[in-house]
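What follows draws every value from the coordinates through simple rules; no lab data is involved. Because the structure is predicted, anything quoted here is derived from the model rather than measured. Methodologically, a virtual Cβ is constructed for each residue, glycine included, from the backbone with ideal geometry; neighbour enumeration extends over all protein chains shown.
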Amino acid sequence: MPRDAFVVIVVRLYSRPGCHLCDIMKATVEQIVASSRTPIQLEQIDISTDADLEARYGLEIPVLEINGKKVAKYRISEEALKRILAGQTGRAGAAG
């Protein structure tokens, strides 16, 4: 079995309720994750429930991390997200 078969890409979306940019990014991410052939673990994190996350991200949401690395804030296109995810395949052991 190929080594890549065990690689799971961890995608974290930091947002808060009532944020229209967050809703847009969430819809984009969910659509790409649902259509991906690569195993992706999507974690949606509400920063409004954690004072440390509020202090860290504040008004810079939404923030998108892939395998622990910030790849976007505010907006991301479907094409850009597909390109970033394609670059993650084959990185065995990459996790955040």
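The stretch 8-28 and the stretch 37-53 have Cα centres lying 8 Å from one another.
In sequence order, the stretch 57-65 has phi-based couplings of 9, x, 8, 8, 8, x, 10, 10, 10 Hz under the Karplus curve 6.51 cos²θ - 1.76 cosθ + 1.60, θ = phi - 60°, and Gly or Pro positions carry x.
Fully extending the segment from Asp52 to Ser77, taken as 0.36 nm per residue of separation minus the present Cα-Cα distance, adds 6.2 nm. Cross-link partners among aspartates and glutamates for Lys73, C-alpha distance below 17 Å, same-chain residues fewer than 8 apart left out? Straight-line reach from Lys73, under 17 Å: Asp23, Glu30, Glu43, Asp46, Glu54, Glu60, Glu65.
Helix 78-88 sits at what angle to the longest principal axis of the chain, using alpha carbons and giving 0 to 90 degrees rounded to 10? Relative to the chain, helix 78-88 is tipped by roughly 50 degrees.
Treating r as the C-beta distance of Ser36 and Glu60 and R0 as 35 Å, the FRET efficiency rounds to 0.85.
With N counted as the residues of the stretch 32-76, its alpha-carbon radius of gyration over 2.2 N^0.38 Å works out to 1.29. Against the chain, whose longest principal axis is taken from its Cα atoms, helix 20-35 shows a tilt of about 10°. Placing +1 on each Lys and Arg Cβ and -1 on each Asp and Glu Cβ, with no other charges, gives the chain a dipole about its Cα centre of roughly 400 debye. Note on P(r) over Cα pairs in 5 Å bins from 0, in percent: of the candidates (1) 3, 15, 26, 27, 20, 8, 2, 0; (2) 3, 14, 25, 24, 16, 10, 5, 2, 1; (3) 2, 12, 17, 17, 17, 15, 12, 6, 2, 0, the value calculated from this structure sits at (2).
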